[in-house]
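The values are calculated or read from the model by the stated rules, or taken from the named source; none is laboratory data. Predicted model only: the values in this text are computed from it and were never measured. Note that each Cβ is placed from the backbone with ideal geometry, even for glycine, and that neighbours are counted across all protein chains shown. What goes into the accessible areas is simple: the full protein's heavy atoms, side chains included, and nothing from ligands, DNA or RNA. Shrake-Rupley method; radii C 1.70, N 1.55, O 1.52, S 1.80 Å.
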Amino acid sequence: MSLQAAQNQSPAGASASPTGPSADSSKALYGGKSTRRITVHDIAAATERGEKWPMLTAYDAMTASVFDEAGIPVMLVGDSMGNVHLGYETTVPVTMDEIAMLSAAVVRGTKRALVVADLPFGSYQEGPVQALRNATRLVKESGVGAVKLEGGERSYEQIRLLVEAGIPVMAHIGLTPQSVNAMGYRVQGRGEEAAQQLLRDAKAVQDAGAFAVVLELVPAELAAEVTRTLHIPTVGIGAGSGTDAQVLVYTDMVGLTGGKVPRFTKQYANLRQALGDAAKEFAEEVVGGTFPAAEHTFH
Ligand code: KIV
């Protein structure tokens, strides 16, 4: 976060609200007046103003259009689609074809949001040239405005080449789910050595040219330190309230995910219950012969 952004913050440390005295609310990423497609330059300007912003995942055109109409400025076609949309146990099996198809759907479903597509496991680890080939496909075929990839220092060369080629990159450090087989699912950056590595990773992705960085499952104090250290925005998930932006997997956020959800998510609706109730009511009316009624019938 920049000095200007820091100056826009209240003494209590809360970010200047887009409606605060120093901000022009018409420009705000969330709640602003502009209807054109958001770019990475708008993201940088918002961070410069000290504005916090929300990001949600989306995997289909209809859900994306709902979030777009709600004003969500950045939509991530995350490889979390593997777990929540495609029925895989992890994100590891997700393919380029799956990401490309669902990213195109999300782009078609949105008018304003910046759409960011994940590069799936195996699509960039071979090196920068492989990363460029696959990222180019997502930009050309699916129409996304940016890509996201996992890894800090280890992904420096990939990020650098993509940025040089004109493809904006969101980085992702801390817990990186594509490495679940090596890393497991646990809080990252605990202890001095791990914290120093996280800071090095954060600086590496910024130096490579990333326009933002996701911090997943990182202690809040460390995430806040990374946020103060970098000038690009940090996007937290399970990283406390000190980051510039927050992201949630939308199925967790709307209460659609079954079973146990991570402690860092918040459920703002109970769509699982609502969908199940609607399905049961439909089934009962079919079995009982009350659907379709006269108003649903043609003669
Ligand atoms: O795939 C995804 O949804 C993500 C978010 C959790 C940041 O990477």
*asked:* So Phe291 ticks every box in (1) aromatic (Phe, Trp, Tyr); (2) within 16 Å of the ligand (Cβ to nearest atom); (3) out of contact with any Gly (no Cβ under 9 Å at 6 or more places or on another chain) but one. Which box is left unticked?
replied: (2)
*Would you pick out the residues in the stretch 184-206 that are over 21 Å from the mean Cα position of the chain (by Cα) and open to solvent by 20 Å² or more (accessible area, probe 1.4 Å)?*
Arg190, Gly191, Glu192, Glu193, Ala194, Gln196, Gln197, Arg200
*Hits in the stretch 274-299 - residues which are closer than 20 Å to Leu256 by Cα and not small (Gly, Ala, Ser)*: Leu275, Asp277, Lys280, Glu281, Phe282
*Return only the number of the condition from (1) out of contact with any Leu (no Cβ under 8 Å at 6 or more places or on another chain); (2) modelled with pLDDT of 95 or more; (3) away from the ligand (no atom under 16 Å from the Cβ) that Lys203 does not satisfy.*
(1)
_With the structure loaded, tell me whether Glu216 is under 23 Å from Tyr59 (Cα atoms) and open to solvent by less than 30 Å² (accessible area, probe 1.4 Å) or whether it fails that test._
yes
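Can you find even one residue in the stretch 285-298 that is under 22 Å from His85 (Cα atoms) and of a type in the set (A, V, I, L, M, F, W, C)?
As a first pass, look at the stretch 285-298 and keep what is under 22 Å from His85 (Cα atoms): none.
No, the stretch 285-298 has no match at all.
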*Working only within the stretch 219-237, note down all residues that are open to solvent by 10 Å² or more (accessible area, probe 1.4 Å) and away from the ligand (no atom under 16 Å from the Cβ).*
Pro219, Ala220, Glu221, Leu222, Ala224, Glu225, Arg228, Thr229, His231
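Tally time: how many residues in the stretch 78-96 are open to solvent by less than 40 Å² (accessible area, probe 1.4 Å), more than 15 Å from Met253 (Cα to Cα) and within 14 Å of the ligand (Cβ to nearest atom)? Lay out the reasoning, then the answer.
Keep residues of the stretch 78-96 that are open to solvent by less than 40 Å² (accessible area, probe 1.4 Å), which gives 78-82, 90-92, 94, 96.
If we keep only those that are more than 15 Å from Met253 (Cα to Cα) too, we end up with 79, 82, 90-92, 94, 96.
Within this subset, residues satisfying the condition of being within 14 Å of the ligand (Cβ to nearest atom) are 79, 82, 90-92, 94.
Residues in the stretch 78-96 being open to solvent by less than 40 Å² (accessible area, probe 1.4 Å), more than 15 Å from Met253 (Cα to Cα) and within 14 Å of the ligand (Cβ to nearest atom): 6 in total.
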*Looking at the stretch 110-160, which of the residues that are of a type in the set (A, V, I, L, M) and away from the ligand (no atom under 16 Å from the Cβ) is surrounded by the fewest Cβ atoms within 10 Å (Cβ to Cβ)?*
Val129
_Consider the stretch 34-51. How many of its residues are touching a Gly at 6+ places or on another chain (Cβ under 7 Å) and more than 23 Å from Ser65 (Cβ to Cβ)?_
0
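On the given criteria, is Ile43 of a type outside the set (Phe, Trp, Tyr), more than 18 Å from Met253 (Cα to Cα), surrounded by 19 or more Cβ atoms within 10 Å (Cβ to Cβ) and within 16 Å of the ligand (Cβ to nearest atom)? Break it down into steps so the answer makes sense when it comes.
On the way: of a type outside the set (Phe, Trp, Tyr): yes; more than 18 Å from Met253 (Cα to Cα): yes; surrounded by 19 or more Cβ atoms within 10 Å (Cβ to Cβ): yes; within 16 Å of the ligand (Cβ to nearest atom): yes.
For Ile43, the condition - of a type outside the set (Phe, Trp, Tyr), more than 18 Å from Met253 (Cα to Cα), surrounded by 19 or more Cβ atoms within 10 Å (Cβ to Cβ) and within 16 Å of the ligand (Cβ to nearest atom) - is met.
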*Matching residues in the stretch 172-189 - criterion: being away from the ligand (no atom under 11 Å from the Cβ) and in a helix (DSSP H, G or I)*: Ser179, Val180, Asn181, Ala182, Met183
*Residue under evaluation Glu164, criteria (1) over 20 Å from Thr39 (Cα atoms); (2) of a type outside the set (Ser, Thr, Tyr); (3) surrounded by fewer than 19 Cβ atoms within 10 Å (Cβ to Cβ), criterion not met*: (1)
_Pairs with Cβ under 7 Å, 6+ apart, first in the stretch 151-173 and within 13 Å of Ala135 (Cβ to Cβ), second open to solvent by 10 Å² or more (accessible area, probe 1.4 Å) and within 16 Å of the ligand (Cβ to nearest atom)_ = Pro168/Phe211; Val169/Phe211; Met170/Phe211
_Among the candidates Val106, Val66, Val74, residue that is hydrophobic (A, V, I, L, M, F, W, C) and within 22 Å of Ile159 (Cβ to Cβ)_ = Val74
*Go through the stretch 238-256 and give me each residue that's open to solvent by 40 Å² or more (accessible area, probe 1.4 Å) and out of contact with any strand residue (DSSP E or B) (no Cβ under 6 Å at 6 or more places or on another chain).*
Ser241, Leu256
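So which strands (runs of 3 or more DSSP E) are wholly in the stretch 203-262 and hold at least 3 residues that are in contact (Cβ under 8 Å) with a residue 60 or more places away in the chain?
Working: elements: 212-216, 234-237, 245-248.
Ranges flagged: 245-248.
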